[in-house]
Amino acid sequence: MKESPNIARVLLNLSLDRTFDYRIPESLCGRITAGMRVVVPFGRGDSEREAYVVAVGSDSVHGELKEIIRICEDHPALPPALLKIGEWMADYYCCAGELAVRTLLPGAVRSGKVKVKTKAFYFLNDMRKAANYIAENPRAKGRCAALKALMLRPGIEAEVLESESGASKAVLRELVRLELVTIEDRAIERNPFAGTELLRTEPLPPTDEQAAALKVIFERMEHPESGAPHVILLHGVTGSGKTEVYLQAIARAVEQGREAIVLVPEISLTPQTVERFRARFGDMVSVLHSGLTDGERYDEWMKVHNGKVKIAVGARSALFAPFRNLALIIVDEEHDTSYKQSEAPRYNARDVAVMRGKLENALVILGSATPSMESYYNAQKGKYTLCRLTKRSDPSILMPDVKIIDMRLEGNEEGKLPFLSKFLVQAVRERIARGEQSILFLNRRGFARQMTCDLCGYVAMCPDCSVAYTYHRKTQMLTCHLCASSREAPAVCPNCGSEHIRYSGAGTERIENISLDCFKGARIARMDSDSMTRPSLYAKVLSQFRRGELDILIGTQMIAKGLHFPNVTLVGIVNADMGLFLPDFRAAERSFQLLTQVAGRAGRGEVKGEVLVQTCTPFNPPLMYAANHDFEGFYSEEIAVREELKFPPFGHMMIVHFRGEDPAEILRTAAELMEKIRPKLDPETVVSDPAPAPIERVKGKYRFMATFRNGKLAPLRRALRREIYTVRRPEVEIYVDVDPISML
Ligand code: ADP
Ligand code: ZN
Ligand code: ZN
């Protein structure tokens, strides 16, 4: 045993799920800690590789060790607690350790390419010397002006000093030569909010329900180790003041000298949301999301790293803000599927937040108007504490009236159903007449769902994916929404040559066309990923809508969340059945959430809102419960189904996915893997052997999956993590999805 630790265990950017030991050279002894980025020699040529130190110790089972070449920074990039989260993610989500560690750092920081931005600043060396110089050289106007300016401020950017004092570069250089001033490069921050001054808001006096929730929250924050659950589920209807609860909880964290993280779904990271936090906490807030430039992201992360801010607001990855004294993690809209990352590590930020809170003694608040079945179940079981906000914080704003329209009764003589019912058309017209606004929601873009031939039954399918092409009329293209490939729409059936081509099913483009026809003279805009090709367009349409320059906004999911428009008094849900019959056990839950959320866009102002839901299945439970604003009713019906079928939250689930061009090859690999892991299976675990996924082919690749449910899954996870490498072959891609959110 040596006296001081001289061996570092590191992870390399290699996608190998193992660590390597390196010797710490004398010159770096005592300077290397876990979380640090270093450069090591690797492979036959000893090429230089970047690596992360995960542990420092004195022993290694390996004999000859190579030496670390150098360190990248003097301070660990990752706090030790965060590194633990990385280890946990690798283990739980069954991914390479180095992948999990990479996830903890934004690319801009990891790459090492983005640097602190600096500018030249002038500083005064000595106040008295400067004063003397001014007294003795009154005619040196430029020099005196520059010195006077510097006597008033601790440091001035070179360009600013030149323009303010009128002193030229040469004059300033002369002052440096006379040792009156110094010029130095200083770090400056790129500020994504430059030019936006916000009015400060003060905490609002809480309503009774808010006060009750805050009481529980404050208690837990004061006594993190009381043994009470460290997770609070805040179930509050839209407009009940959840955000105000978050704000006051954060204020308490700051008072304690501790920090807070707020996660919001990427889609609700609108300026509106971020401004509410900045208006309360000003420069204490850092914002982390994908819309920032690399430089901005680097600076925002550094502000957290250097302790300059106390609050981080952002999407999924903001969970890894490198705070060291975390009091609070808030996950708003905790049920939102965007918290799940679709690439490895396939983590769910909501669940990792619960884990980070546990490891760092921080309180976790999960907020939602439509909590996930998992979280509500945990609250029912007492694992989480449930706090409720049942009323809108402004009681004069009523919950909207939801009416269900049975589309089966809307058929014409030939039995053909219209896309917009008489009721909906009438309701929109009334709104236009009254100067109020309407939203029409349809979760499908494009013009028609598919192109079919009435003569031979041909359906235009994507050749690489097992789905039908969507027809886009404006561009006259057939487009695959899975792989984005497209082709020109044919004039005649490619199969039989007939002209009896039919475009069935509606997308937002078609609803827009119908609306232009139906509501003559109305100002209409469409918002979906086809029409919103630039972020600036999105902002433009939203502000037009807000200013009342549009009567009708037609859109997909893009308009479903978070937006707040007081003058919207009607929301039409064009097809509520869509998504309801997907082969996924969460289809009902998703429908309920989406319907509730879209309905929540109506009636946020003084006029009571109305929601019209068009459906061919008027008695389906998610729809009926959503119409009655009855979350508990929906929950108790749905939880019974889950229990009966032993689906989550009754036990966990894992899927092993197999992808490749040759189905026989996939099945062979899958069988090999299954054979290796079968001995590790808990007898309680329900196994579905590798079989084609509901969408069998995407981008030319066949997709197979094996699912595992219930029982102890940890031994299985560990076996999988190891065995995937032993059966892996280039032709077949294998990956594990733990706690999947989609079964397709
Ligand atoms: P949620 O996040 O639950 O949808 P918000 O926090 O956005 O609800 O609150 C909805 C509206 O009610 C906001 O305009 C907010 O300023 C206001 N509000 C929240 N709490 C109070 C309160 N205690 N007193 C008065 N107004 C409040
Ligand atoms: Zn045909
Ligand atoms: Zn395709």
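The values are calculated or read from the model by the stated rules, or taken from the named source; none is laboratory data. Small disclaimer: the values here were computed from a predicted structure and weren't measured. For neighbour counting, all protein chains shown are included, and Cβ atoms are generated from backbone atoms with ideal geometry for every residue, glycine included. Keep in mind that these areas ignore ligands, DNA and RNA; they rest on the heavy atoms of the full protein, side chains included. Shrake-Rupley method; radii C 1.70, N 1.55, O 1.52, S 1.80 Å.
Quick notes
- Leu175 being at pLDDT 85 or above and open to solvent by less than 40 Å² (accessible area, probe 1.4 Å): yes
- Cβ pairs under 9 Å, 6+ apart, first in segment 483-507 and free of Cβ contacts under 8 Å to residues at least 60 places away in the same chain, second within 16 Å of ligand 1 (Cβ to nearest atom) and in a loop (DSSP other than H, G, I, E, B): none
- Leu204 vs. criteria exposed (fewer than 14 other Cβ atoms within 10 Å of the Cβ), of a type outside the set (Val, Ile, Thr) and out of contact with any Pro (no Cβ under 7 Å at 6 or more places or on another chain): yes
- Matching residues, segment 219-252, being of a type in the set (Ser, Thr, Tyr) and either within 16 Å of ligand 2 (Cβ to nearest atom) or more than 11 Å from Ser368 (Cα to Cα) (or both): Ser226, Tyr246
- Residue match in segment 440-448 (condition: basic (Lys, Arg), under 30 Å from Asp630 (Cβ atoms) and surrounded by 14 or more Cβ atoms within 10 Å (Cβ to Cβ)): yes
- Restricting Ala344, Ala362, Ala318 to those that are surrounded by fewer than 21 Cβ atoms within 10 Å (Cβ to Cβ), among the hydrophobic types (A, V, I, L, M, F, W, C) and on the phi < 0 side of the Ramachandran plot reduces the list to Ala344.
- In segment 247-301, residue modelled with the lowest pLDDT [restricted to those that are part of a loop (DSSP other than H, G, I, E, B), within 17 Å of the chain's Cα centre (by Cα) and crowded, with 16+ Cβ neighbours inside 10 Å]: Leu269
- Hey, Ala576 surrounded by fewer than 17 Cβ atoms within 10 Å (Cβ to Cβ) and of a type outside the set (S, T, N, Q) or not: no
Results for (1) under 30 Å from the mean Cα position of the chain (by Cα); (2) surrounded by fewer than 18 Cβ atoms within 10 Å (Cβ to Cβ); (3) in a strand (DSSP E or B), shown as yes or no for each residue.
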site: Pro692; (1), (2), (3): yes, yes, yes
site: Arg697; (1), (2), (3): yes, no, yes
site: Phe704; (1), (2), (3): yes, no, yes
site: Lys712; (1), (2), (3): yes, yes, no
site: Leu720; (1), (2), (3): yes, no, no
site: Glu723; (1), (2), (3): no, no, no
site: Thr726; (1), (2), (3): no, yes, no
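- Verdict on Glu638 being within 21 Å of Ser368 (Cβ to Cβ) and modelled with pLDDT of 90 or more: yes
- Filter result for Glu334 (away from ligand 3 (no atom under 16 Å from the Cβ), touching a residue at least 12 places away in the same chain (Cβ under 8 Å), on the phi < 0 side of the Ramachandran plot and assigned to a loop (DSSP other than H, G, I, E, B)): yes
- Met743 within 23 Å of Asn348 (Cα to Cα), more than 16 Å from ligand 1 (Cβ to nearest atom) and part of a strand (DSSP E or B): no
- So Arg546, is it without any contact (Cβ under 8 Å) to a residue 24 or more places away in the chain, within 16 Å of ligand 1 (Cβ to nearest atom) and either closer than 30 Å to Cys453 by Cβ or under 27 Å from the mean Cα position of the chain (by Cα) (or both): yes
- Residues being part of a loop (DSSP other than H, G, I, E, B), modelled with pLDDT under 80 and either open to solvent by less than 40 Å² (accessible area, probe 1.4 Å) or β-branched (Val, Ile, Thr) (or both) - total across segment 107-149: 3
- Within segment 402-416, the only residue that satisfies the criterion of being in a helix (DSSP H, G or I), touching a Ser or Thr at 6+ places or on another chain (Cβ under 7 Å) and of a type in the set (A, V, I, L, M) is Met407.
- The residues of segment 570-592 that are among the polar types (S, T, N, Q) and touching a helix residue (DSSP H, G or I) at 6+ places or on another chain (Cβ under 6 Å) amount to a single one, Ser591.
- When residues in segment 461-478 are screened for being away from ligand 2 (no atom under 16 Å from the Cβ) and either among the aliphatic types (A, V, I, L, M) or crowded, with 21+ Cβ neighbours inside 10 Å (or both), 5 of them pass.
- Among the residues of segment 417-460, those identified as small (Gly, Ala, Ser), part of a loop (DSSP other than H, G, I, E, B) and within 22 Å of Asp530 (Cβ to Cβ) are Gly446, Ala460.
- Among the residues listed as Glu436, Glu430, the single one being modelled with pLDDT of 85 or more, open to solvent by 60 Å² or more (accessible area, probe 1.4 Å) and over 25 Å from Phe619 (Cα atoms): Glu430
- Flag for Met221 being outside any loop (DSSP other than H, G, I, E, B) and modelled with pLDDT of 90 or more: yes
- Condition broken by Leu673, with the remaining ones in (1) open to solvent by 50 Å² or more (accessible area, probe 1.4 Å); (2) part of a helix (DSSP H, G or I) satisfied: (1)
- Within segment 603-615, the set of residues being at pLDDT 90 or above and surrounded by fewer than 18 Cβ atoms within 10 Å (Cβ to Cβ) is empty.
- Every pair of residues 6+ apart whose Cβ atoms lie under 6 Å, when the first sits in segment 229-244 and is in a strand (DSSP E or B) while the second is near ligand 1 (Cβ under 6 Å from one of its atoms): Leu234/Lys242; Gly236/Lys242
- Considered as a group, the residues in segment 461-481 that are touching a Ser or Thr at 6+ places or on another chain (Cβ under 9 Å) and not in a strand (DSSP E or B) include one that is farthest from ligand 1 (Cβ to nearest atom), and that residue is Pro463.
- Considering only residues in segment 486-505 that are crowded, with 17+ Cβ neighbours inside 10 Å and under 24 Å from Ser531 (Cα atoms), the one that is nearest to ligand 1 (Cβ to nearest atom) turns out to be Gly505.
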